[in-house]
Amino acid sequence: MNRLRLWLLALGGAGLAALLVAACLDLPGFGGRRHPYGDRAVHASLARHTANTIASVNFDQRAYDTLGEMSILFAAVLGCAVLLRQARDEHRARPRPAEVARPVRRYALLALPVALVTGLYVIAHGQLSPGGGFQGGVVAATALHLLYLGADYSALERVRPLGVHEISDAVAVCAYVVLGLASVLAGTAFLANTLLPYGTFNTLSSGGSVPLLNAAVGMEVASAVVVLLAHFIDQAVEIEEEHRS
Amino acid sequence: MGGGDVYDAVIVVALLLVAASATAAVVQRDPARQALVLSFSGVVLATLFTVLQAPDVGLSQLAVGSALTPLLIMLSVRKIRRRGRSKEDTR
Amino acid sequence: MNGWILAAGIVLGGGGAAALWGVTTGPPARRVIAQNLTTSAVCPALLLFAQGYGRPAYVDLALLLALLGPVGTLVFARLLSGEPERERTSAWGLTWAAAALGAAVVVALCVAGGPGRAMVKLLAIGVLLIGGNLIASRALAGGFQGVRGG
C-alpha cells in the first residue's frame, strides 16, 4: 500500500515536472518587450481609458478574481476574530499607560495624518499609477496604529470604534457585489465595466467602474486590517488567562 | 538603449539579496530575530519587484511587509512570552 | 549606460549587503539598528530607480517606504523594549551618514528634474525619510523606557 502511494506520488510529480518544463520552454525571452497576453491586456485597458493596465486587469478584465481574493481576506479575518475572541476563562486587564519619549510621540502624531492621506491617495490613484485599494487600505490601517506605537493602546481604542470597522468591512464587500449586480441589471455580464462613462484618459475619473471597485476594496482592506490588528493587540496587551490554582 | 547589462546587473543584485536574506530568515531560531530579518527581506523583495518592472506587486509587498507583518509577529511573540511568564508566576 | 540605474545598483548592493550583515549577526540591539538603516539605504535606491527607468510613478514606492519603514522600526523598538537582554544602543554616526545619503539623492534628483510638482513630492519624501530615520534612531536609543507590558 505504501509502495503504491509512493509510485502514485512519483507519477504525479513526474507529470507535473514534465508540464512545467514544457511550459518553461515555451516562455517568451527574459525581459522582452512583447508578450501576447500583455499586448492584449494593454489594448483592452487603453480601450477603457485606464492608464494603469494592472488596475484594468484586476478590477475590469478579471474583476471576478478580485472578488474571490476579497472574500478570502474577509473569511480569514472573520476566522481570526472568532479564534482570538475573549474566552470564558480569560479576563481583561487594563495596561498601564505608556511613557513614550516626546519626539517619538510627536513624530507619531505628525506622521499619522500624512500616512492616512497617503493611503487615500494610493487608493484614489489606483487606475492611474501603481497602487490601488489593497495597498492604500493597508497603509491607511497601519497609519491608525501609529497611535498605539506613539502613545498607548487606550489612545488607539478611543479613536477606533471596533464595531464600526466590522460593519464597514462587511458593507465594503457588499458594495463590490452590488456594483457587479448593477451591471447585470443594466443588461450585461456580472462586473462588466460597461455601466459608467470611461472618462478622459489619465484623469482621476477615468476607467469606468475601476475607481469605484478600488474604493470598495480599499475600504474592505482597511477595515479588515484594523479588526485583525485589534484582536492581535487585545490578546497581546489586555486579555489575560485566569490563574488556575 | 546601449549598456543593457546594467539593467540585468541590478536584477542580479536584488535577486542575490532576496535569496540571502530569505535563507537567513529561515536559519534564525528566535522568532523576534526572524521578524527582523523578514522585514529586511520584505523590503529587498519589493525592490526586486521594482527592477522587474512590477511596481504594483512591489507596493503590495512594501505595504504589508514593512510594518504590518512585523507588528503581527511581534504581538504574537509578546503574547506567548507573557503567557509563559504568568504560568511561571503561578507555579 | 544609465548612470542613475548604476548608482541605484551600487546603493542597493552596498547598503543592502551591509544592512543584511547587521540584521543577521550580533546582539538584538545592533540588529534593530541595521533594520532601521535598511529603510535609509533602500529608499534612495528606489528613488534612483524611478529616475533611471524614467517612470515618475515608481516614486510612490519610495514614498511608502519612507512612511512605513520608520513605523516598522518603531514596532520593534516598542515591542522589544520589555526584553530583559535588550540594552539600549545607538549608532548616531551611521544614522547621520544614512541621512546624508538620503539628502544627497533627493537633492540630485531635484536638480535633474527641475522645479514642479514632482520636486515637491521628492522633497516630501526626503523630509519623511530623514525625519523618520532620526526619530526611529531616537526611539531605539531609549524612546520607550516607560513602556512595560503595554
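A few remarks follow.
- Total residues in region A:41-71, condition of a type in the set (S, T, N, Q) and away from chain B (no Cβ under 14 Å): 2
- Of all residues in region A:1-46, those satisfying the criterion of being part of a loop (DSSP other than H, G, I, E, B) and either farther than 30 Å from residue A:207 by Cα or in contact with a His (Cβ under 9 Å, 6 or more places away or on another chain) (or both) are A:1, A:26, A:27, A:28, A:29, A:30.
- Among the residues here, residue A:93 qualifies as in contact with a strand residue (DSSP E or B) (Cβ under 6 Å, 6 or more places away or on another chain) and of a type in the set (A, V, I, L, M, F, W, C).
- Only one entry in C:104, C:108 is of a type in the set (A, V, I, L, M) and surrounded by fewer than 16 Cβ atoms within 10 Å (Cβ to Cβ), namely C:104.
- Identification of helices (runs of 4 or more DSSP H) wholly contained in region B:2-91 with 1 or more residues that are among the basic types (Lys, Arg) and at the interface with another protein chain (Cβ under 7 Å from one of its Cβ atoms) yields B:31-51, B:69-90.
- Filtered by the rule that a residue be among the small types (Gly, Ala, Ser) and surrounded by 14 or more Cβ atoms within 10 Å (Cβ to Cβ), region A:75-111 gives A:81, A:98, A:101, A:108, A:111.
- When residue C:45 is tested against (1) facing another protein chain (nearest Cβ under 8 Å); (2) at pLDDT below 95; (3) in a helix (DSSP H, G or I), just one condition goes unmet, and that condition is (2).
- Residues in region A:151-166 that are surrounded by fewer than 16 Cβ atoms within 10 Å (Cβ to Cβ), without any contact (Cβ under 8 Å) to a residue 40 or more places away in the chain and part of a helix (DSSP H, G or I) were compared, and the one that is farthest from the chain's Cα centre (by Cα) is A:158.
- Any hit, region A:175-186, residues being more than 22 Å from residue A:71 (Cβ to Cβ) and at pLDDT below 90: yes
- Within region A:112-142, being more than 15 Å from the chain's Cα centre (by Cα) and either surrounded by fewer than 24 Cβ atoms within 10 Å (Cβ to Cβ) or within 11 Å of chain B (Cβ to nearest Cβ) (or both) holds for A:112, A:113, A:114, A:115, A:116, A:117, A:118, A:121, A:125, A:128, A:129.
- Condition broken by residue C:6, with the remaining ones in (1) closer than 24 Å to residue B:67 by Cβ; (2) at the interface with chain B (Cβ under 8 Å from one of its Cβ atoms) satisfied: (1)
- Residue list for region A:227-245, restricted to those being in contact with a Ser or Thr (Cβ under 9 Å, 6 or more places away or on another chain) and among the aliphatic types (A, V, I, L, M): A:229, A:236
The values are calculated or read from the model by the stated rules, or taken from the named source; none is laboratory data. Model, not experiment: these values are computed from the prediction. Please note: Cβ atoms are built from the backbone with ideal geometry, for glycine as well, and neighbour counts cover all protein chains shown.
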